[in-house]
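The structure appears right after this line, and notes come after that.
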Amino acid sequence: MPVLDSRGKVVNLETLHSLLGRKTELPKVLIMAGGFGKRLKPITNKTPKPLLKIGSKSVLEVLIKKLINLGFFEFYLSVHYKHEMIKKYFGDGKKFGCKIDYLYEDSPLGTAGSLGLLSHFKVGENLLILNSDLVTNVNFIELFKFHDFHQNDATMCVKQYSHTVPYGIVNHSNFKLKEIIEKPKYNFFINCGIYILSSKIVNKIKKPKYIDMPELLFKCSKNKKILIFPIHENWIDIGSIDDYKKAKSLANKE
């Protein structure tokens with residue numbers, strides 16, 4: 001973008017990246033950190049999943065520091081299971097160079113219900129929402145630029161997932177053989193647990209209640225602009241012991 005003086009002469013160039021990189025223009029961040037981590041038991045019996053270590057840092061610390069390095073500054077952590085440990089670890093965020101506030105779920109509220117614990121956002125404000133168990137190199141600046149450029153009400157990150165059926169698939173019509181497809185490969189887009197919501201969506205949840213993000217977005221999809229944002233970077237959702245091992249291996253390589 002050219003910067004002009006009073007005579008219309010170009011005196012400087014401003015990039016969209018630098019404009020969006022200013023802390024005041026980036027959305028606030030809500031990280032869902034209240035889950036029980038049941039599929040990771042017994043590891044999570046004493047340690048909540050966001051505090052599991054990958055390398056020398058916790059999963060959530062790695063995620064927050066990546067966001068801080070990109071210019072994100074204001075964070076909400078939605079907490080429930082072992083919330084005292086999480087608050088002790090992160091405090092108010094000052095030691096990490098950011099501001100952290102906590103949303104306490106008295107009972108689990110799903111992946112979107114804690115929006116009802118937020119003060120209503122002003123028109124035009126956006127909120128970046130992430131699951132706390134993500135290990136990813138997603139460029140969140142590019143995500144926000146996409147959301148802002150298209151003036152979306154919501155943007156959902158998705159990643160291509162391929163599945164090969166290890167058998168021959170038989171297609172038929174009324175039991176009459178039509179074809180046999182050997183070991184077909186199917187491609188899908190899966191939900192990555194990363195979203196940007198405008199105030200129009202955030203303010204839909206006026207009080208805390210159990211609701212998951214897919215349900216909220218599906219309800220809003222009829223009259224709101226919701227687009228997907230395919231990602232190609234590394235992305236691991238630590239939902240199992242195997243996923244945790246992968247995340248630790250990836251951290252060791254970086």
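Summary of values
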| quantity | calculated |
| --- | --- |
| The chain: antiparallel DSSP beta bridges as a percent of all, rounded to 5 | 60 |
| Assigned charges on the beta-carbon of Lys, Arg, Asp, Glu; the range 135-254 dipole about Cα centre (debye) | 500 |
| Sequence ranges 25-31, 138-144, ranked by mean other-Cβ count within 10 angstrom, highest first | 25-31, 138-144 |
| Isolated Cys in the chain, by beta carbon distance under 4.7 Å | CYS98, CYS220 |
| Lys, Arg +1 and Asp, Glu -1 on Cβ, resulting dipole of the chain about Cα centre, debye, nearest 20 | 340 |
| Accessible surface, the chain, averaged per residue in Å² (probe 1.4 Å) | 57 |
| Cα→Cβ-extended label distance, 7 Å offset, between THR164 and ASN187, nm | 1.5 |
| Relative packing of 102-109, 32-39, which averages over residues the other C-beta atoms within 10 Å, highest first | 32-39, 102-109 |
| Listed residue (PHE175, PRO214, CYS157) projecting farthest to the positive dipole end of the range 100-254, Cβ model | PHE175 |
| Local electrostatic count, GLY113, Cβ distance below 14 Å [Lys/Arg +1, Asp/Glu -1] | +1 |
| Equivalent ellipsoid semi-axes, the chain, via Cα gyration tensor eigenvalues times 5, rooted, Å | 33, 27, 20 |
| Per-q log10 I(q)/I(0), the range 136-181, q = 0.16, 0.27, 0.33 Å⁻¹ (Debye; single scatterer per alpha-carbon; no solvent) | -0.62, -1.03, -1.12 |
| Value at 222 nm in deg cm²/dmol, rounded to 500, when DSSP H runs of n ≥ 4 in the chain each add -39,500 (n - 2.57) | -6500 deg cm²/dmol |
| Amide proton proximity set for TYR102, modelled H, under 5 Å, gap of 5+ | LEU77 |
| Calculated over the range 32-140: convex hull of Cα atoms, volume per residue (Å³) | 116 |
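The values are calculated or read from the model by the stated rules, or taken from the named source; none is laboratory data. Nothing here was measured: the structure is a model prediction, and the numbers come from that model. Note: ideal-geometry Cβ built from the backbone for every residue, glycine included; neighbour counts use all protein chains shown. For the accessible areas, the whole protein counts, side chains as well, though only heavy atoms, and no ligand, DNA or RNA atoms are used. Shrake-Rupley method; radii C 1.70, N 1.55, O 1.52, S 1.80 Å.
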